Structures are given as C-alpha cells and as structure tokens.
Amino acid sequence: MKLLGLLVSVLVVAIAAGGPVSAADEDENYKTAQGLAVYLGVLPAAIVRGHPASHPEGTMHGGAPQGKHEDHVVVAVFDAKTGARIENARVTANISGLGHIGAQNIDLEPMSIAGTITYGNFVELPGNDRYDIKLNITVPGRKPAPVRVDFTYQHLQ
C-alpha cells in the first residue's frame, strides 16, 4: 500500500507541475481543445483518506467519502499556446459508464497541489468499466465558453 501511495503521489505532482505538450503527444490522459491543454487523472479516494484532518487534503471537497468505489478526479488546465496554467476556470464533469445506468454530474473544485491550482472532486465508479468523462471548462473572458473536452477512462477495481 505504501508503494501505491508513493506512485499516486508522483502522479498527482506530475499533473500539478506538468505543462502542455504537443498535440502529437495526446493520449487518454491529455487532450487539447479550443486553445486549452487539459490533463486528467483518476485516483482512489483511499489515498486522500490517508491524510489527517489537519492536512489540507484531508478536508478538501468536504473530506474523502468512505464508500468502497470512490475515486478522486483531478484535472489540470493550461493555455495550449503559451503553456500558462489556468487557475480561474470553472470545471464541471459529466461521467457515465457503459455498464452503469445514469450519469454523474460534478463540479471540479479548485485545489492547491504543490503550490499550483488544479481542479478535482470525488466520484463513485462502481465497477470495471469504460467511463466517458466529459469536461466543460469555462475561463472568464475566453471564447468560446464553455470548452468541451472528452476523455475515455478504463477503470479497473
């Protein structure tokens, strides 16, 4: 479990510290759309539950849920042209799985990781499935608004 925690911590810092890459490097965790470069990470909520309540991550988004199938969605947003991190966006997600009825709509809240702003929240992913994660990102003063970025995430329990 300690190794998993270390690997997840490295992933979170990489998402938080990373900058945009070229469009040729797009994959299931990185997309560009309408001038935005967007990174997606999905981590078990249990990682956040390991922080004490006094730690900032121990209370973010109202505290980590205790459910068995809870995960933490993390998104980092950049200007694709300049590489500047976008820290004033409003980000929402619509998450649906092929094998599960209904979709979940969640607001991804701004959160500070490694001194930078990313966006995240908890979501229930109840089983092994392919999930469609549709992000709507609104940046004040930027047109078009919102920008839609779609990801496909293969979730394994």
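Pairing each residue of region 64-83 that is closer than 18 Å to residue 137 by Cα and in a loop (DSSP other than H, G, I, E, B) with any residue that is at pLDDT below 95 and not basic (Lys, Arg), provided the two are 6+ apart or on different chains, yields C-beta distances under 7 Å for 80/20; 83/19; 83/20.
Yes or no: residue 123 assigned to a strand (DSSP E or B) and at pLDDT 95 or above?
Details: assigned to a strand (DSSP E or B): yes; at pLDDT 95 or above: no.
Answer is no for this residue.
Here 140, 110 are screened, and the one residue that is touching a residue at least 12 places away in the same chain (Cβ under 8 Å) and in a loop (DSSP other than H, G, I, E, B) is 140. Using the structure shown, decide if residue 98 is surrounded by fewer than 16 Cβ atoms within 10 Å (Cβ to Cβ) and either farther than 18 Å from residue 38 by Cα or not hydrophobic (A, V, I, L, M, F, W, C) (or both). Judged against the criteria, residue 98 is a match.
The values are calculated or read from the model by the stated rules, or taken from the named source; none is laboratory data. The structure displayed is predicted, hence computed values, not measured ones. Cβ atoms come from the backbone with ideal geometry, glycine included; neighbour counts cover every protein chain shown.
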